[in-house]
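First the structure, in the form of structure tokens, and then the observations on it.
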Amino acid sequence: KIEKKKTLRLGRRGREMKKPVGAEKKRVKRSSGSASTSVRDSGSDAQPRKQAVKKDSFQLFAEKVRDHKGLESRWAVMEQARVEYFRGKDFVSFMKNNPEFKEILEEDKDLDTDDIANVLLGKNLLVRCDRVTKTLRPGKKKLSTWPAHLEIFRDDQSFSENDAFFAWTFEKRHPLWQTLLSFFWPVLTLAICLFPVYPHRCKLIVLYSCAGILLMILSLLFVRAVAFGAMWILLGKRVWFFPNILAEEATLKELFRFWPKKDEEEPPKWTSRLFYTVVAIVVVMLLRRHAPDEAARARYQRRMSNIIDDVLEWSPKLALSGLMENQQPVNITDAANNSSDSAGSDQTEEVNLDETQGEDLDETQGEEEAEGWTDSDLKT
């Protein structure tokens, strides 16, 4: 009986020990099954998400075409907003020269150029616009090739290559260098604000380099204007060297293009050329006559040099110690001028005293002569 009781107790304990192991296996199986179902559900949800994230082929096509330099475009004002636009005929020639862009459209790569443009118009990636001024200005033979002001073409929003303009409606992606430049500008601004605490040598380098660049720009603009005026007066032609030097929207290569564009306007009248010749001669004569003399030029130069010296010689140590406020800058030229001015004033005072004394003597002599003349008259 005792042995039977022992075996029964051992069997019960073994069963109790075996039950949680089986339960844990069942739990693991259930958790693995639920994990597999969740993975399946997440996989099924990921596909539509990827499809939603995937860009439209026409949107990608429009971005690629806009970033390409082969399509000539300009900037204009349309309904109080600046837009980038191109001409219809330029788009047709661009697609002929670059047929590989159609591969971006994948299934729609067999469409014609007109159909592609119409799809872009339907997706509001483009908008057809028209020039605001449709009449010729006086003195011109034809309308401007690239108008500066546009309006939306209300009649028909379909593609056409005959005197039709199309503006991009989406925001252009900024390249990497523009992003880096946006971070560089605050650093440059901070460096400009900290110019007074630079070492003296750095101040001289910055000063002379900026002055040289400014002088070069002003000299270039002056020579450019003089060349245009001489060509216009003598030959009656409008010739602008560096035609894009003042353009707002131009690439670096176009900005420094030297050779001017072809003059398509009518030549000026001889009366206007003669009038502006007389005006130029009068202005040159007035400037030559009223030019400052050497003394005035030296005075202006001394003032500017004093201002520049104050900026260059300033340092935080002098400002913190208070020496800058107590110091009185002594300039040799100013001291010499003051001494010369004082000497000149003393001389003028002596001359005035001599003149006044001489006038007093003359007046006394005149009075004595008058008195002597009256006495002699009385005696006679």
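Annotations
- Residues in the stretch 189-199 that are surrounded by 10 or more Cβ atoms within 10 Å (Cβ to Cβ) and either among the small types (G, A, S) or part of a helix (DSSP H, G or I) (or both): T189, A191, F195, P196, V197.
- The single residue among L136, L181, L204, L214 that is surrounded by 10 or more Cβ atoms within 10 Å (Cβ to Cβ), of a type outside the set (D, E) and not in a helix (DSSP H, G or I) turns out to be L136.
- Subset of the stretch 54-65 that is of a type outside the set (G, A, S) and crowded, with 17+ Cβ neighbours inside 10 Å - its residue that is farthest from E254 (Cα to Cα): F58
- On the stretch given as the stretch 109-133, residues that are surrounded by 14 or more Cβ atoms within 10 Å (Cβ to Cβ) and acidic (D, E) total 2.
- Subset tally (residues that are open to solvent by 90 Å² or more (accessible area, probe 1.4 Å), not in a helix (DSSP H, G or I) and not charged (D, E, K, R)) for the stretch 254-285: 4
- In the stretch 222-236, residue nearest to the chain's Cα centre (by Cα) [restricted to those that are surrounded by 13 or more Cβ atoms within 10 Å (Cβ to Cβ) and either modelled with pLDDT of 90 or more or in a helix (DSSP H, G or I) (or both)]: R224
- Tabulated pairs, the stretch 283-311, first free of Cβ contacts under 8 Å to residues at least 60 places away in the same chain, second open to solvent by less than 100 Å² (accessible area, probe 1.4 Å) and part of a helix (DSSP H, G or I), C-beta under 7 angstrom, 6+ apart or interchain: R302/T333
- Enumeration of residues in the stretch 139-171 that are in a loop (DSSP other than H, G, I, E, B), in contact with a strand residue (DSSP E or B) (Cβ under 7 Å, 6 or more places away or on another chain) and in contact (Cβ under 8 Å) with a residue 40 or more places away in the chain: W146, P147, A148, A164, T169
- Filter pass, T133 being over 19 Å from F58 (Cβ atoms), touching a His at 6+ places or on another chain (Cβ under 9 Å), of a type outside the set (A, V, I, L, M, F, W, C) and without any contact (Cβ under 8 Å) to a residue 60 or more places away in the chain: yes
- Residue check, A247 among the small types (G, A, S) and under 34 Å from the mean Cα position of the chain (by Cα): yes
- Test: residue in the stretch 88-101 that is open to solvent by 40 Å² or more (accessible area, probe 1.4 Å) and more than 22 Å from D163 (Cβ to Cβ): yes
The values are calculated or read from the model by the stated rules, or taken from the named source; none is laboratory data. Since this is a predicted model, take the numbers as computed values, not measurements. With ideal geometry, Cβ positions are generated from the backbone for all residues, glycine too; neighbour counts draw on all protein chains shown. The accessibility values were calculated without ligands, DNA or RNA, using every heavy atom of the protein model including side chains. Shrake-Rupley method; radii C 1.70, N 1.55, O 1.52, S 1.80 Å.
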